[in-house]
1. Quick one: in region 97-124, which of the residues that are more than 23 Å from VAL193 (Cβ to Cβ) and of a type outside the set (Asp, Glu) is surrounded by the fewest Cβ atoms within 10 Å (Cβ to Cβ)?
2. Kindly indicate whether any position in region 67-84 is in contact with a Leu (Cβ under 6 Å, 6 or more places away or on another chain), closer than 22 Å to ALA11 by Cα and surrounded by 16 or more Cβ atoms within 10 Å (Cβ to Cβ).
3. Scan region 63-83 and tell me whether some residue there is among the hydrophobic types (A, V, I, L, M, F, W, C) and touching a residue at least 60 places away in the same chain (Cβ under 8 Å).
4. Residues of region 132-183 being surrounded by 13 or more Cβ atoms within 10 Å (Cβ to Cβ) and basic (Lys, Arg), which ones?
5. Would you pick out the residues in region 43-64 that are in a helix (DSSP H, G or I) and surrounded by 19 or more Cβ atoms within 10 Å (Cβ to Cβ)?
6. Which condition breaks for ALA209 when tested against (1) in contact (Cβ under 8 Å) with a residue 40 or more places away in the chain; (2) more than 16 Å from LYS13 (Cβ to Cβ)?
7. Within region 163-211, how many residues turn out to be within 24 Å of MET136 (Cβ to Cβ), of a type in the set (A, V, I, L, M) and in contact with a strand residue (DSSP E or B) (Cβ under 8 Å, 6 or more places away or on another chain)?
8. Any idea how many residues of region 149-178 are away from the ligand (no atom under 13 Å from the Cβ) and closer than 21 Å to ARG2 by Cα?
Amino acid sequence: MRLVLLGPPGAGKGTQARLLTATFDVAHVSAGDLLRQAVADGSELGQTAKSIMARGALVPDEVVIGIIEERLRRPDCASGYILDGFPRTLRQAEALSEVLKLLQAPLDRVISVEVSEDDLVRRLAGRRICRVCGSMFHVESKPPIGACDNCGGHLYQRDDDREDTIRHRLGVYREQTEPLIAYYEKIGLLRRVDGRGTIEEIAGRIRQALGDGLVQS
Ligand code: AMP
């Protein structure tokens, strides 16, 4: 299965991607995680990306396309993957389609996870993440007890999860990424999923949307 999860920041793409990865035994390819890793490694690319990410802007297309292309060519992607946070611009979507043409492995489905802007701000501003295992918590809906429930690790708030940066990221999404919904709808790959409710409810809707696709194709 080759799947793209599309949706604004805070729609729960990362959480759903992790669930789907476990269910279907495919690779999780998160553009944001790959970039954060580059920042943590202190590579040249990471140094370029760091300040761009902290202010909630998009890292240049060529940089992200290069990282994703390299990742999709690794052996663990041969049996499928969930792309999370990529593509985010029309240019990235076109580059992805070129790469997949070369690999002779087209996308099966694009799922758009849809959530209202007020809900997104609430979700993102309350988000806390474990520095050790990456588990996600929320100060309202899934409050941690001091440290990570899973491994005891230290919890942190992402630099770009502060309210002014969140508003900026949502603006960037509306302008640059939302047009991809129409792009993928036009070529018949898109399924829309209501992103409200619990993690399990949303996961159920995604499974249903994938099932519909399999029946139709
Ligand atoms: P995320 O973890 O998906 O919310 O991504 C965090 C940040 O990484 C974004 O706000 C961007 O600065 C950068 N980023 C992630 N994916 C992309 C992408 N496909 N294109 C450009 N920048 C990206």
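1. Within region 97-124, the first condition is being more than 23 Å from VAL193 (Cβ to Cβ), and the residues that meet it are 98-99, 101-105.
Filter once more, so that each one left must be of a type outside the set (Asp, Glu): 99, 101-105.
On the way: VAL99: 15, LYS101: 10, LEU102: 9, LEU103: 14, GLN104: 6, ALA105: 15.
By that ranking, first place goes to GLN104.
2. Yes, because at least one residue in region 67-84 is in contact with a Leu (Cβ under 6 Å, 6 or more places away or on another chain), closer than 22 Å to ALA11 by Cα and surrounded by 16 or more Cβ atoms within 10 Å (Cβ to Cβ).
3. Going residue by residue through region 63-83, those that are among the hydrophobic types (A, V, I, L, M, F, W, C) are 63-65, 67-68, 72, 77-78, 82-83.
Next, only the ones that are touching a residue at least 60 places away in the same chain (Cβ under 8 Å) stay: 82-83.
Within region 63-83, one or more residues are among the hydrophobic types (A, V, I, L, M, F, W, C) and touching a residue at least 60 places away in the same chain (Cβ under 8 Å).
4. Result: LYS142, ARG158, ARG162, ARG167, ARG169.
5. In the first step, residues of region 43-64 are kept if they are in a helix (DSSP H, G or I); the result is 44-54, 61-64.
ALA49, MET53, VAL64 - these are the residues of region 43-64 that are in a helix (DSSP H, G or I) and surrounded by 19 or more Cβ atoms within 10 Å (Cβ to Cβ).
6. With respect to (1) in contact (Cβ under 8 Å) with a residue 40 or more places away in the chain; (2) more than 16 Å from LYS13 (Cβ to Cβ), ALA209 is out only on (2).
7. Counting residues in region 163-211 that are within 24 Å of MET136 (Cβ to Cβ), of a type in the set (A, V, I, L, M) and in contact with a strand residue (DSSP E or B) (Cβ under 8 Å, 6 or more places away or on another chain) gives 5.
8. 1
The values are calculated or read from the model by the stated rules, or taken from the named source; none is laboratory data. Remember, predicted model here, so these are calculated numbers, not experimental data. Ideal geometry is used to build each Cβ from the backbone, glycine not excepted, and the neighbour counts take in all protein chains shown.
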